[in-house]
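Trainee: For reference, the structure I am asking about is given below.
The values are calculated or read from the model by the stated rules, or taken from the named source; none is laboratory data. None of these values were measured; they are calculated from a predicted model. Note that each Cβ is placed from the backbone with ideal geometry, even for glycine, and that neighbours are counted across all protein chains shown. Note: accessible area is taken over every heavy atom of the protein model, side chains too, but ligands, DNA and RNA are not part of it. Shrake-Rupley method; radii C 1.70, N 1.55, O 1.52, S 1.80 Å.
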Amino acid sequence: MGRESFWTTEPEEFLRVGEDFVLADQPTHAKYGFNEGKSEGKDALAEGAGILGELQEQLYAAGTVGERRRVLLVLQAMDTAGKGGIVSHVVGAVNPAGISYKAFKKPTKEELAHDFLWRVAKEAPEAGQIGVFDRSHYEDVLIGRVRQLAPPEEIERRYEAINQFEKELAFGGTTIVKVMLHISKQEQGARLADRLERPEKHWKYNPADIDERMRWDDYQDAYQVVFDRTSTEYAPWYVVPADRKWYARLAVQHLLVRALENLDLGWPEATFDVEAEKARLAAS
């Protein structure tokens, strides 16, 4: 069974944020477009890794001959939603030479001395790369809004600044895929409990996660504003149900594959006489 035969319909139409989108109405346990189970999902993910790998190599090859195209995957989510699994099982399955990865942490003093986009713009992927932002500039209108880390008028300014920044990236050759992994509060609680019960997972647990969990509704409201203000034609948001880790990984892989396929990539033509080089090689 081929990978595409697993999908009954394209999941993008269900995942993409459109007009009148309401986050509170979105299921977290769905598996849009995929009627099979976890075992088949793992098989499809394995097949998809080969497809994604070849497309990524074509993108990288195009960059070596001067093409400007590149892809940026933006990952946002509540704690435990599975961003690390996406990085490991989806992005990590392709050649790391063509990947640009950045996990944005708490801003440093130097970064705070600049506009919030200063540190982000420096990490944009180069031509031929798939860039990954594990958290991103959206932290500045999510935790920034919930924790009131900036005045309300500054938070408001940032939405349009983000749109302008992403527009410049898109018009400069970057295909932007923005993904929010949508996990339920109940599932997050179960995953946090699992981390506490298993010593080998204690390193993943942060007491501050509970502080953020207590602001769950505030974060859901902040995400809703983000979708209302920053899901655009040139940089759309996709909300991926994340209670099933295997489906979330498969869906994000599918979004990346489609983004690369839409670039209509191919292999660069040789800039030398192939037959002459064959002859030279034979004589060497």
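Trainee: Work from the charge dipole of the chain (Cβ charges, +1 for Lys and Arg, -1 for Asp and Glu, about the Cα centre) and give the residue of Thr9, Phe21, Ile51 farthest towards its positive end.
Mentor: Ile51
Trainee: Kirkwood Rh, Cα Rg: Rg to Rh for the range 93-185?
Mentor: Radius of gyration relative to Kirkwood radius: 0.98.
Trainee: A further question follows. Which trypsin sites (Lys or Arg not before Pro) from the range 102-204 combine a DSSP loop assignment with at most 11 other Cβ atoms within 10 Å?
Mentor: For trypsin sites (Lys or Arg not before Pro) across the range 102-204 that sit outside H, G, I, E and B with at most 11 neighbouring Cβ atoms in 10 Å, the list reads Lys105, Lys122.
Trainee: What part of the accessible area of the range 50-136, given as a whole %, is carbon or sulfur when the probe is 1.4 angstrom?
Mentor: Ligands and nucleic acids excluded, carbon and sulfur give 50 percent.
Trainee: Which residues' amide hydrogens lie under 5 Å from the amide hydrogen of Gly131, considering only partners 5 or more residues apart or on another chain, with H built in the peptide plane?
Mentor: Val71, Leu72, Leu73, Ser100
Trainee: Size of the range 72-135 along its principal axes in angstrom, Cα-based, largest extent first?
Mentor: 37, 31, 13
Trainee: Specify which residue in the list Tyr205, Val179, Val225 is farthest towards the positive end of the charge dipole of the range 160-236, using unit charges on the beta carbon of Lys, Arg (+1) and Asp, Glu (-1), about the Cα centre.
Mentor: It is Tyr205.
Trainee: What list of ³J(HN,Hα) couplings, whole Hz, do you get for the range 150-161 from phi and the Karplus terms 6.51, -1.76, 1.60, once you set θ to phi - 60° and write x for glycine and proline?
Mentor: Residue by residue, the range 150-161 yields 8, x, x, 5, 6, 4, 4, 4, 5, 4, 6, 4 Hz.
Trainee: Provide the solvent-accessible area of His114, counting protein heavy atoms only and rolling a 1.4 Å probe, rounded to the nearest 10 Å².
Mentor: Using a 1.4 Å probe on the heavy atoms, I get roughly 80 Å².
Trainee: How many nm is it between the label spots at His114 and Met214, if each spot is 7 Å from the Cα in line with the beta carbon?
Mentor: Label at His114, label at Met214, 3.5 nm between them.
Trainee: Over the range 160-284, with the other protein chains present, what is the accessible area per residue in square angstrom, probe 1.4 angstrom?
Mentor: In whole numbers, the range 160-284 has 53 Å² accessible per residue.
Trainee: Compare Asp115, Asp218, Asp43 in a GNM of the chain, Cα atoms joined below 10 Å, and give the one with the largest fluctuation.
Mentor: Looking only at Asp115, Asp218, Asp43, the biggest GNM fluctuation is shown by Asp115.
Trainee: Moving on. How are the alpha carbon pair distances in the chain distributed across 5 Å bins from zero to the largest one, expressed in percent?
Mentor: 1, 5, 11, 15, 17, 16, 14, 9, 5, 3, 2, 1, 1, 1, 0
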